[in-house]
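Asker: Next up is a structure, given as structure tokens.
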Ligand SMILES: Cc1cc2nc3c(=O)[nH]c(=O)nc-3n(C[C@H](O)[C@H](O)[C@H](O)COP(=O)(O)OP(=O)(O)OC[C@H]3O[C@@H](n4cnc5c(N)ncnc54)[C@H](O)[C@@H]3O)c2cc1C
């Protein structure tokens, strides 16, 4: 009898677990996904050929293991994309890709033909040793020229990252740094007051840093905090900043200090080439990231295809509704067909969960201790809503009276207090292939941080689209007559919140740690603000543990605690994230 793993959720963590199990063990994964979409939060939603990426997923990681894993599925571009020349993007092209397929069958005939012809294809059939020694799987490694995005679909694009803050109808660079432009837009007196308020806070720091407001004020001074952090953080979480634990902010701003930024600014003032240094500092805000040709979901659709090809199972429209323990181990799970309501109990040797911890705790039988349930029920989430607007053009009013019909940003943070939209995504700039008619339309996503069941959540789609249009007109970015079409996407539990019973999370952790074959992985699966890379790493480490026969799960829980993860590679200057 083959060993079986049931995996709840076909998002990045669940699919990574399934892929790694197939690659490195004899365990057959059965992935259950309650929706009919692959990719979880990292899916690509397709609206009449115009694609939405929920939240905008940069493929960026400090872990080489993750970067190489991604490039193995979608190799880096070897030629220009459709918009490279016209947008004057500076791309580092790859020349060659070495790809290891899970098994021989994974390579489609299209992929085969892409490597034949003038470039000789090298195929190595490798008997990869599987740790358990119970079965050998043939994987296939090929060496091929890097793909041309104009001719092939399975390709990772390199994109420049440009995002700005929109505040007081001005654009500010993001992450915000102390530059001449920023000082000019904030007003020189205001900038000086920001400096004084910072010095004041350095002299008299707040002693209790449990909550985020104190954490920010101690690092940036009260005035800069009020200008750039307070309102936006409240928009994201929907609660006052003094009720949010500092852990979340700590993940984002550790290692950054206003002192360093001010030192740089003063050095600039006394340098012989002031303007050049200012310019350099502003261009240093432009970094690059990797992005699948058709958005993040493309990565996960291809991973799902390979899993299916190699004997793994992915059951769509199937929700895990029960997890059964015998003698302290998971022995089976109850699966519900979302269309028919029929249930089935399936035996398993290992269980992976990427579902919200709150849900998992409610479906374990026998029931977990009361205290565990109480903590689980107290976990809170923030939900997310995107309004997609298809426009003939933008209509961004500049302060000098000019109008821009397109902007270079991937996304814009909206700090304005007179609208509820938190961020605007510009999908044309993520990938030209995200938009059906990229030359004649602008495809944008207005993002709202909301609560499930709240006024925006229950609002009719038509009214939401109308609200979106009104808000974009209010801040002077579009004109109603340019709107061609629209759609709405609601994402429950997009953010595990560091409020509610989060400080008692260890009660749940201790309970789960005592079940050796149950692995909580991913973002909501661990109630951790994990990006794709960390969500994937937890799944990979869980498989490492299975291969090594390790039952201690501390390595999973330690992912995303290291502070250097949250600063960008090669970051030269001090900047602040909101
Ligand atoms: C606004 C926003 C921006 C982001 N930006 C980035 C970024 O730039 N870069 C980056 O790398 N990451 C980013 N992320 C994070 C990234 O989306 C997550 O890390 C990743 O999707 C988490 O993967 P996961 O598999 O743990 O969970 P999910 O993606 O949530 O997938 C879980 C899946 O499980 C399914 N499920 C739940 N319960 C059950 C059940 N009982 N039975 C069966 N199926 C179930 C769900 O339907 C879902 O498909 C962003 C997230 C958000 C919200």
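Asker: With label points built 7 Å along Cα→Cβ from the Cα atoms of residue 169 and residue 331, find their separation and express it in nm.
Answerer: 7.0
Asker: Which of the three applies to the stretch 384-451, rounded, prolate or oblate, going by the alpha-carbon gyration tensor with a ≥ b ≥ c and a/c under 1.5 meaning rounded?
Answerer: Since a/c reaches 1.5 but b/c is at least a/b, the shape of the stretch 384-451 is classed as oblate.
Asker: If you find the alpha carbon centre of the stretch 433-455 and of the stretch 302-316, how far apart are they in angstrom?
Answerer: For the stretch 433-455 versus the stretch 302-316, the Cα centre distance is 29 Å.
Asker: Can you give the extra length, in nm with one decimal, that the chain gains between residue 92 and residue 62 once fully stretched, where that is 0.36 nm per residue apart less the Cα-Cα distance?
Answerer: 9.0 nm
Asker: Another question about this same structure. Highest mean first, what order results for 19-28, 202-211 on Cβ atoms within 10 Å?
Answerer: Details: 19-28: 21.3, 202-211: 11.5.
Those peptides, ordered most packed to least, come out 19-28, 202-211.
Asker: What order do you get for 300, 69 when you list them from fewest to most C-beta neighbours inside 10 Å?
Answerer: 69, 300
Asker: I need the shape label for the stretch 502-558. Rule: rounded when a/c is under 1.5, else prolate if a/b > b/c, else oblate, with a, b, c from the alpha carbon gyration tensor.
Answerer: Judged from the Cα gyration tensor, the stretch 502-558 comes out oblate (a/c at least 1.5, b/c at or above a/b).
Asker: For residue 474 and residue 231 in the same chain, what is the full-extension length gain: residue separation times 0.36 nm, less their Cα-Cα distance, in nm?
Answerer: Details: separation 243, 0.36 × 243 = 87.48 nm, distance 1.82 nm.
Result: 85.7 nm gained on full extension.
Asker: Give the peptides 510-521, 190-201, 379-390 in descending order of average Cβ contacts within 10 Å, highest first.
Answerer: Peptide ranking by packing, descending: 379-390, 510-521, 190-201.
Asker: Here is a further query. If packing is taken as the average number of other Cβ atoms within 10 Å across a peptide's residues, how do 305-316, 334-345 rank, most packed first?
Answerer: Most protected by this proxy first, the peptides run 305-316, 334-345.
Asker: Calculate, in nm to one decimal, what residue 439 and residue 193 gain on full extension: separation in residues at 0.36 nm each, minus their alpha carbon distance.
Answerer: Details: separation 246, 0.36 × 246 = 88.56 nm, distance 4.50 nm.
Here the answer is 84.1 nm.
Asker: Taking the alpha-carbon centroid of each part, what is the distance from the stretch 48-82 to the stretch 380-417 in angstrom?
Answerer: One Cα centre to the other: 23 Å.
Asker: Please give, to one decimal in nm, the separation of the simple spin-label points placed at residue 551 and residue 1, each 7 Å out from Cα toward the Cβ.
Answerer: Reported label-point gap for residue 551 and residue 1 is 2.1 nm.
Asker: Separate question: Between residue 202 and residue 451, with labels modelled 7 Å along Cα→Cβ, what's the label distance in nm to one decimal, could you check?
Answerer: 4.0
Asker: Cα gyration tensor of the stretch 394-539, axes a ≥ b ≥ c as square roots of the eigenvalues: rounded (a/c below 1.5), prolate (a/b > b/c) or oblate?
Answerer: Judged from the Cα gyration tensor, the stretch 394-539 comes out prolate (a/c at least 1.5, a/b above b/c).
Asker: Still on this structure, I have one more. Kindly put 241, 346 in sequence by how many other C-beta atoms sit within 10 Å of each C-beta, fewest to most.
Answerer: The most exposed by this proxy come first: 346, 241.
The numbers here are math on the coordinates, done by the rules we state, and not lab data. On a predicted model such as this, the values are computed, not experimentally measured, just so you know. Note that each Cβ is placed from the backbone with ideal geometry, even for glycine, and that neighbours are counted across all protein chains shown.
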